[in-house]
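Engineer: The structure under discussion is supplied below as C-alpha coordinates; questions concerning it will follow.
The values are calculated or read from the model by the stated rules, or taken from the named source; none is laboratory data. All of these numbers come straight from a predicted model, not from anything done at the bench. In this analysis, Cβ positions are derived from the backbone assuming ideal geometry, glycine residues included, and neighbour counts consider all displayed protein chains. Ligands, DNA and RNA are excluded from the accessible area calculation, which covers all protein heavy atoms including side chains. Shrake-Rupley method; radii C 1.70, N 1.55, O 1.52, S 1.80 Å.
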Amino acid sequence: MRSETDSRLVQLNQWVDQALGIEATLVPMQGDAGGRRYFNIEQKPGWLAVDAPPETEKVKQFLYLSGIFGRHGVPVPSIVATEAEKGFLLVENLGEGLFSKHVNAETAPVIYGEALLTQLAMAQIPLEGVSVPLFDREFILQELGIFREWFVQQMLGVKLGVEDIKVLDTVFELLAREALQQPFVFMHRDYHSRNILLVNGKSVVIDYQDAVVGPLTYDLASLLKDAYLRLPPEDVQRWALVYGDMAREAGLLTDVSVDSFIRSFDLMGLQRHLKILGIFARLHLRDQKSGYLHDLPRVIGYVQEVCARYPELSVFKGWFEKVVLPTCRTQAWYSEDELYVTAYYAGEHP
(Lines give C-alpha, C1' and ligand atoms only; values in the text may rest on other atoms or scores of the structure.)
Protein backbone atom coordinates (compact mmCIF):
# COMPACT_ATOMS: atom_id res chain seq x y z
CA MET A 1 0.00 0.00 0.00
CA ARG A 2 1.31 3.45 -0.90
CA SER A 3 1.78 5.94 1.92
CA GLU A 4 0.47 9.34 0.91
CA THR A 5 2.57 10.88 3.69
CA ASP A 6 5.81 9.73 2.01
CA SER A 7 5.96 11.88 -1.10
CA ARG A 8 9.22 10.41 -2.36
CA LEU A 9 7.85 6.89 -2.11
CA VAL A 10 4.77 7.95 -4.06
CA GLN A 11 6.95 9.53 -6.75
CA LEU A 12 9.23 6.48 -6.87
CA ASN A 13 6.27 4.15 -7.22
CA GLN A 14 4.84 6.27 -10.04
CA TRP A 15 8.21 6.30 -11.82
CA VAL A 16 8.57 2.52 -11.49
CA ASP A 17 5.01 2.05 -12.79
CA GLN A 18 5.85 4.15 -15.84
CA ALA A 19 9.25 2.54 -16.43
CA LEU A 20 7.84 -0.99 -16.25
CA GLY A 21 4.40 -0.33 -17.75
CA ILE A 22 2.69 -1.99 -14.81
CA GLU A 23 1.27 -1.08 -11.42
CA ALA A 24 4.19 -2.12 -9.27
CA THR A 25 4.04 -3.11 -5.61
CA LEU A 26 7.13 -1.93 -3.71
CA VAL A 27 8.15 -3.82 -0.58
CA PRO A 28 10.75 -2.05 1.61
CA MET A 29 14.00 -3.78 2.45
CA GLN A 30 16.28 -3.01 5.37
CA GLY A 31 18.26 0.18 4.85
CA ASP A 32 21.93 0.95 5.34
CA ALA A 33 24.08 3.61 6.94
CA GLY A 34 23.39 6.04 4.10
CA GLY A 35 20.21 7.78 3.03
CA ARG A 36 19.25 5.25 0.38
CA ARG A 37 16.15 3.04 0.53
CA TYR A 38 15.69 -0.23 -1.32
CA PHE A 39 12.45 -1.86 -2.40
CA ASN A 40 11.67 -5.28 -3.80
CA ILE A 41 9.25 -5.20 -6.72
CA GLU A 42 6.69 -7.98 -6.33
CA GLN A 43 5.95 -8.15 -10.04
CA LYS A 44 9.67 -8.06 -11.01
CA PRO A 45 11.64 -9.98 -8.38
CA GLY A 46 14.82 -9.72 -10.43
CA TRP A 47 14.97 -5.95 -9.98
CA LEU A 48 15.16 -3.48 -7.09
CA ALA A 49 13.79 0.04 -6.89
CA VAL A 50 16.15 2.47 -5.19
CA ASP A 51 15.33 5.83 -3.64
CA ALA A 52 18.55 7.83 -3.40
CA PRO A 53 17.75 11.50 -2.66
CA PRO A 54 20.21 13.49 -4.81
CA GLU A 55 20.69 16.14 -2.14
CA THR A 56 22.39 13.56 0.11
CA GLU A 57 23.33 10.65 -2.19
CA LYS A 58 25.89 10.62 -5.02
CA VAL A 59 23.58 9.27 -7.69
CA LYS A 60 25.45 10.59 -10.72
CA GLN A 61 28.78 9.45 -9.30
CA PHE A 62 27.33 6.00 -8.69
CA LEU A 63 26.23 5.79 -12.33
CA TYR A 64 29.59 7.08 -13.53
CA LEU A 65 31.50 4.55 -11.44
CA SER A 66 29.20 1.73 -12.55
CA GLY A 67 30.38 2.38 -16.09
CA ILE A 68 34.04 2.40 -15.06
CA PHE A 69 33.71 -0.86 -13.14
CA GLY A 70 31.88 -2.49 -16.02
CA ARG A 71 34.59 -1.51 -18.50
CA HIS A 72 37.34 -2.92 -16.29
CA GLY A 73 35.82 -6.23 -15.33
CA VAL A 74 34.79 -5.44 -11.76
CA PRO A 75 31.44 -7.20 -11.13
CA VAL A 76 28.65 -4.82 -10.09
CA PRO A 77 24.84 -5.06 -10.30
CA SER A 78 23.37 -4.07 -13.66
CA ILE A 79 21.42 -0.82 -13.86
CA VAL A 80 18.07 -1.26 -15.59
CA ALA A 81 16.77 2.33 -15.63
CA THR A 82 17.57 5.66 -13.96
CA GLU A 83 16.10 9.05 -13.24
CA ALA A 84 19.25 10.64 -11.87
CA GLU A 85 17.81 14.10 -11.29
CA LYS A 86 15.21 12.65 -8.93
CA GLY A 87 17.47 9.98 -7.48
CA PHE A 88 15.44 6.98 -8.67
CA LEU A 89 17.03 3.78 -9.97
CA LEU A 90 16.06 0.30 -11.06
CA VAL A 91 18.94 -2.08 -10.45
CA GLU A 92 19.56 -5.80 -10.71
CA ASN A 93 18.39 -7.74 -7.65
CA LEU A 94 21.14 -10.27 -6.94
CA GLY A 95 19.38 -11.79 -3.97
CA GLU A 96 20.36 -12.25 -0.35
CA GLY A 97 23.94 -13.25 -1.02
CA LEU A 98 25.59 -10.76 1.32
CA PHE A 99 29.14 -11.83 2.13
CA SER A 100 28.44 -11.29 5.86
CA LYS A 101 25.64 -13.86 5.80
CA HIS A 102 27.70 -16.63 4.26
CA VAL A 103 31.18 -16.38 5.69
CA ASN A 104 32.18 -18.97 8.27
CA ALA A 105 35.32 -20.90 9.19
CA GLU A 106 34.75 -23.38 6.38
CA THR A 107 33.88 -20.96 3.58
CA ALA A 108 36.26 -18.14 4.56
CA PRO A 109 39.37 -19.18 2.56
CA VAL A 110 37.48 -19.35 -0.73
CA ILE A 111 35.26 -16.33 -0.07
CA TYR A 112 38.11 -14.08 1.04
CA GLY A 113 40.22 -15.29 -1.84
CA GLU A 114 37.52 -14.14 -4.26
CA ALA A 115 37.13 -10.82 -2.43
CA LEU A 116 40.88 -10.16 -2.65
CA LEU A 117 40.88 -10.89 -6.38
CA THR A 118 38.01 -8.44 -6.86
CA GLN A 119 39.84 -5.88 -4.76
CA LEU A 120 42.92 -6.29 -6.93
CA ALA A 121 40.78 -5.73 -10.03
CA MET A 122 39.52 -2.46 -8.54
CA ALA A 123 43.04 -1.38 -7.61
CA GLN A 124 44.20 -2.01 -11.18
CA ILE A 125 41.67 0.37 -12.74
CA PRO A 126 43.76 2.97 -14.63
CA LEU A 127 43.72 6.31 -12.85
CA GLU A 128 44.26 8.50 -15.88
CA GLY A 129 41.08 10.37 -16.72
CA VAL A 130 39.13 8.91 -13.79
CA SER A 131 37.07 11.58 -12.02
CA VAL A 132 37.10 10.62 -8.35
CA PRO A 133 38.35 12.54 -5.30
CA LEU A 134 41.91 12.21 -4.04
CA PHE A 135 42.31 10.73 -0.56
CA ASP A 136 44.88 13.35 0.35
CA ARG A 137 46.10 14.81 3.64
CA GLU A 138 43.10 17.12 3.96
CA PHE A 139 40.69 14.24 3.30
CA ILE A 140 42.42 11.99 5.84
CA LEU A 141 42.45 14.65 8.56
CA GLN A 142 38.81 15.48 7.86
CA GLU A 143 37.89 11.84 8.46
CA LEU A 144 39.89 11.71 11.68
CA GLY A 145 38.11 14.87 12.79
CA ILE A 146 34.88 12.84 12.85
CA PHE A 147 36.41 10.73 15.64
CA ARG A 148 37.36 13.82 17.61
CA GLU A 149 34.01 15.57 17.24
CA TRP A 150 31.40 12.82 17.25
CA PHE A 151 32.91 10.02 19.30
CA VAL A 152 35.13 11.77 21.83
CA GLN A 153 33.26 15.03 22.32
CA GLN A 154 29.65 14.38 21.35
CA MET A 155 29.13 10.76 22.43
CA LEU A 156 31.51 10.51 25.37
CA GLY A 157 31.19 14.14 26.45
CA VAL A 158 34.95 14.58 26.83
CA LYS A 159 36.09 18.20 27.04
CA LEU A 160 39.40 18.41 25.22
CA GLY A 161 42.14 20.54 26.70
CA VAL A 162 45.28 21.86 25.04
CA GLU A 163 47.28 18.69 25.79
CA ASP A 164 44.48 16.44 24.54
CA ILE A 165 44.32 18.32 21.27
CA LYS A 166 48.10 18.11 20.93
CA VAL A 167 48.03 14.32 21.36
CA LEU A 168 45.27 13.95 18.76
CA ASP A 169 46.88 16.33 16.27
CA THR A 170 50.18 14.46 16.57
CA VAL A 171 48.71 11.00 15.93
CA PHE A 172 46.48 12.33 13.14
CA GLU A 173 49.51 13.81 11.38
CA LEU A 174 51.42 10.55 11.83
CA LEU A 175 48.60 8.51 10.29
CA ALA A 176 48.19 10.95 7.40
CA ARG A 177 51.92 10.97 6.69
CA GLU A 178 52.15 7.19 6.73
CA ALA A 179 49.12 6.79 4.45
CA LEU A 180 50.49 9.25 1.92
CA GLN A 181 53.73 7.26 1.60
CA GLN A 182 51.87 4.29 0.14
CA PRO A 183 51.24 3.71 -3.57
CA PHE A 184 47.90 5.23 -4.58
CA VAL A 185 45.32 3.15 -6.43
CA PHE A 186 41.61 3.16 -7.22
CA MET A 187 40.00 2.65 -3.80
CA HIS A 188 36.43 1.61 -2.91
CA ARG A 189 36.72 3.23 0.55
CA ASP A 190 34.13 0.96 2.22
CA TYR A 191 35.06 -2.52 1.05
CA HIS A 192 33.82 -4.97 3.69
CA SER A 193 31.51 -7.90 4.35
CA ARG A 194 28.31 -5.86 3.98
CA ASN A 195 29.28 -4.27 0.69
CA ILE A 196 30.08 -7.49 -1.17
CA LEU A 197 27.52 -9.89 -2.63
CA LEU A 198 28.30 -13.50 -3.43
CA VAL A 199 26.73 -14.57 -6.72
CA ASN A 200 27.57 -18.05 -8.01
CA GLY A 201 30.67 -18.02 -5.84
CA LYS A 202 31.95 -14.72 -7.23
CA SER A 203 32.24 -11.33 -5.47
CA VAL A 204 29.98 -8.52 -6.68
CA VAL A 205 30.71 -5.03 -5.38
CA ILE A 206 28.03 -2.62 -4.13
CA ASP A 207 27.95 0.82 -2.47
CA TYR A 208 30.93 2.18 -4.39
CA GLN A 209 29.72 5.75 -4.89
CA ASP A 210 32.34 7.09 -2.44
CA ALA A 211 35.33 5.66 -4.33
CA VAL A 212 38.53 7.70 -4.31
CA VAL A 213 42.14 7.43 -5.36
CA GLY A 214 43.96 6.44 -2.19
CA PRO A 215 46.44 4.21 -0.34
CA LEU A 216 46.90 0.62 -1.46
CA THR A 217 46.17 -0.95 1.94
CA TYR A 218 42.99 0.98 2.77
CA ASP A 219 40.52 -1.44 1.17
CA LEU A 220 42.60 -4.33 2.49
CA ALA A 221 42.19 -3.05 6.06
CA SER A 222 38.46 -2.52 5.44
CA LEU A 223 38.08 -6.14 4.36
CA LEU A 224 40.36 -7.97 6.78
CA LYS A 225 39.77 -5.77 9.83
CA ASP A 226 36.03 -5.54 9.32
CA ALA A 227 33.96 -3.49 11.77
CA TYR A 228 31.28 -6.22 11.71
CA LEU A 229 33.37 -9.35 12.20
CA ARG A 230 36.81 -10.20 13.54
CA LEU A 231 38.97 -12.74 11.78
CA PRO A 232 41.60 -14.90 13.49
CA PRO A 233 44.81 -12.80 13.65
CA GLU A 234 46.78 -15.43 11.76
CA ASP A 235 44.27 -15.26 8.90
CA VAL A 236 44.45 -11.47 8.81
CA GLN A 237 48.23 -11.48 8.50
CA ARG A 238 48.36 -14.37 6.03
CA TRP A 239 45.72 -12.91 3.70
CA ALA A 240 47.20 -9.42 3.96
CA LEU A 241 50.56 -10.77 2.82
CA VAL A 242 48.91 -12.78 0.03
CA TYR A 243 47.38 -9.54 -1.23
CA GLY A 244 50.73 -7.79 -0.93
CA ASP A 245 52.28 -10.47 -3.15
CA MET A 246 49.43 -10.12 -5.65
CA ALA A 247 49.86 -6.34 -5.71
CA ARG A 248 53.59 -6.70 -6.35
CA GLU A 249 53.01 -9.11 -9.21
CA ALA A 250 50.49 -6.66 -10.68
CA GLY A 251 53.03 -3.83 -10.52
CA LEU A 252 51.08 -1.87 -7.90
CA LEU A 253 53.65 -2.27 -5.13
CA THR A 254 57.42 -2.14 -5.07
CA ASP A 255 59.41 -4.71 -3.13
CA VAL A 256 58.97 -3.98 0.59
CA SER A 257 59.66 -6.05 3.67
CA VAL A 258 56.93 -8.03 5.40
CA ASP A 259 57.23 -5.86 8.52
CA SER A 260 56.98 -2.65 6.50
CA PHE A 261 53.91 -3.82 4.61
CA ILE A 262 52.12 -5.00 7.76
CA ARG A 263 52.97 -1.72 9.50
CA SER A 264 51.41 0.28 6.65
CA PHE A 265 48.38 -2.02 6.75
CA ASP A 266 48.00 -1.67 10.53
CA LEU A 267 48.35 2.12 10.61
CA MET A 268 45.94 2.47 7.71
CA GLY A 269 43.49 0.32 9.64
CA LEU A 270 43.91 2.56 12.70
CA GLN A 271 43.02 5.62 10.64
CA ARG A 272 39.91 3.86 9.35
CA HIS A 273 38.86 2.56 12.75
CA LEU A 274 39.12 5.95 14.42
CA LYS A 275 36.95 7.33 11.63
CA ILE A 276 34.46 4.50 12.10
CA LEU A 277 34.11 5.23 15.81
CA GLY A 278 33.10 8.75 14.84
CA ILE A 279 30.80 7.60 12.03
CA PHE A 280 28.93 5.11 14.24
CA ALA A 281 28.55 7.76 16.95
CA ARG A 282 27.22 10.23 14.40
CA LEU A 283 24.76 7.69 13.00
CA HIS A 284 23.43 7.18 16.52
CA LEU A 285 23.34 10.80 17.68
CA ARG A 286 22.42 12.66 14.51
CA ASP A 287 20.63 10.10 12.34
CA GLN A 288 18.90 7.96 15.00
CA LYS A 289 20.54 4.83 13.55
CA SER A 290 21.66 3.10 16.71
CA GLY A 291 22.09 -0.44 15.43
CA TYR A 292 25.80 0.15 14.94
CA LEU A 293 26.50 0.80 18.62
CA HIS A 294 27.00 -2.89 19.40
CA ASP A 295 29.89 -2.94 16.89
CA LEU A 296 31.80 -0.18 18.72
CA PRO A 297 33.64 -2.52 21.15
CA ARG A 298 35.05 -4.53 18.25
CA VAL A 299 36.36 -1.35 16.63
CA ILE A 300 37.84 -0.19 19.95
CA GLY A 301 39.59 -3.55 20.17
CA TYR A 302 41.23 -2.94 16.79
CA VAL A 303 42.43 0.48 17.97
CA GLN A 304 43.95 -0.90 21.16
CA GLU A 305 45.55 -3.80 19.31
CA VAL A 306 47.44 -1.57 16.89
CA CYS A 307 48.39 0.98 19.55
CA ALA A 308 49.97 -1.80 21.63
CA ARG A 309 52.02 -2.99 18.65
CA TYR A 310 53.90 0.19 17.69
CA PRO A 311 56.04 2.29 20.06
CA GLU A 312 55.37 5.49 18.10
CA LEU A 313 51.72 5.21 19.19
CA SER A 314 52.54 4.94 22.91
CA VAL A 315 51.50 8.51 23.76
CA PHE A 316 48.18 8.13 21.97
CA LYS A 317 47.73 4.71 23.57
CA GLY A 318 48.18 6.23 27.02
CA TRP A 319 45.76 9.03 26.22
CA PHE A 320 43.16 6.62 24.85
CA GLU A 321 43.39 4.43 27.96
CA LYS A 322 43.25 7.37 30.35
CA VAL A 323 40.70 9.65 28.64
CA VAL A 324 38.54 7.52 26.35
CA LEU A 325 38.24 4.04 27.81
CA PRO A 326 36.98 4.98 31.32
CA THR A 327 34.00 6.79 29.80
CA CYS A 328 33.42 4.00 27.27
CA ARG A 329 33.08 1.56 30.16
CA THR A 330 30.12 3.54 31.49
CA GLN A 331 28.19 3.22 28.20
CA ALA A 332 25.39 0.69 27.75
CA TRP A 333 26.88 -0.48 24.45
CA TYR A 334 30.32 -1.26 25.88
CA SER A 335 31.37 -4.85 26.54
CA GLU A 336 34.88 -5.86 27.54
CA ASP A 337 34.13 -9.36 26.28
CA GLU A 338 33.54 -8.10 22.72
CA LEU A 339 36.83 -6.25 22.24
CA TYR A 340 38.87 -9.12 20.84
CA VAL A 341 36.38 -11.88 20.15
CA THR A 342 37.52 -13.75 17.06
CA ALA A 343 34.51 -15.09 15.20
CA TYR A 344 33.02 -15.23 11.76
CA TYR A 345 29.78 -13.33 12.08
CA ALA A 346 26.89 -13.98 9.71
CA GLY A 347 24.76 -11.05 10.76
CA GLU A 348 22.01 -8.78 9.51
CA HIS A 349 22.18 -5.08 8.82
CA PRO A 350 21.20 -3.01 11.87
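Engineer: Take the residues in segment 179-195 that are under 20 Å from VAL236 (Cα atoms) and either assigned to a helix (DSSP H, G or I) or at pLDDT 95 or above (or both); name whichever of them is farthest from the chain's Cα centre (by Cα).
Structural biologist: The extreme case among them is GLN182.
Engineer: Can you tell which of LEU277, LEU325 is of a type outside the set (Gly, Ala, Ser), within 23 Å of VAL162 (Cα to Cα) and under 16 Å from the mean Cα position of the chain (by Cα)?
Structural biologist: Going through LEU277, LEU325 in turn, the sole match is LEU277.
Engineer: Taking VAL167 as the residue in question, decide whether it is touching a Phe, Trp or Tyr at 6+ places or on another chain (Cβ under 7 Å), buried (at least 16 other Cβ atoms within 10 Å of the Cβ) and part of a helix (DSSP H, G or I).
Structural biologist: Answer is yes for this residue.
Engineer: One residue is enough: does segment 150-160 have a residue meeting the conditions polar (S, T, N, Q) and open to solvent by 10 Å² or more (accessible area, probe 1.4 Å)?
Structural biologist: Yes, segment 150-160 contains a residue that is polar (S, T, N, Q) and open to solvent by 10 Å² or more (accessible area, probe 1.4 Å).
Engineer: Tell me, which helices (runs of 4 or more DSSP H) wholly within segment 208-292 include 1 or more residues that are open to solvent by 20 Å² or more (accessible area, probe 1.4 Å) and charged (D, E, K, R)?
Structural biologist: 233-249, 258-285
Engineer: Also, I was wondering about something else. For residues in segment 110-148 being assigned to a helix (DSSP H, G or I) and charged (D, E, K, R), which is least open to solvent (accessible area, probe 1.4 Å)?
Structural biologist: GLU143
Engineer: Kindly check whether there is at least one residue in segment 103-114 that is modelled with pLDDT of 95 or more, of a type in the set (D, E, K, R) and at negative phi.
Structural biologist: Yes: segment 103-114 contains one or more residues that are modelled with pLDDT of 95 or more, of a type in the set (D, E, K, R) and at negative phi.
Engineer: Let me ask something additional. Could you grab me the full set of residues in segment 293-332 that are among the basic types (Lys, Arg) and buried (at least 18 other Cβ atoms within 10 Å of the Cβ)?
Structural biologist: Answer for segment 293-332, where residues must be among the basic types (Lys, Arg) and buried (at least 18 other Cβ atoms within 10 Å of the Cβ): ARG298, LYS317.
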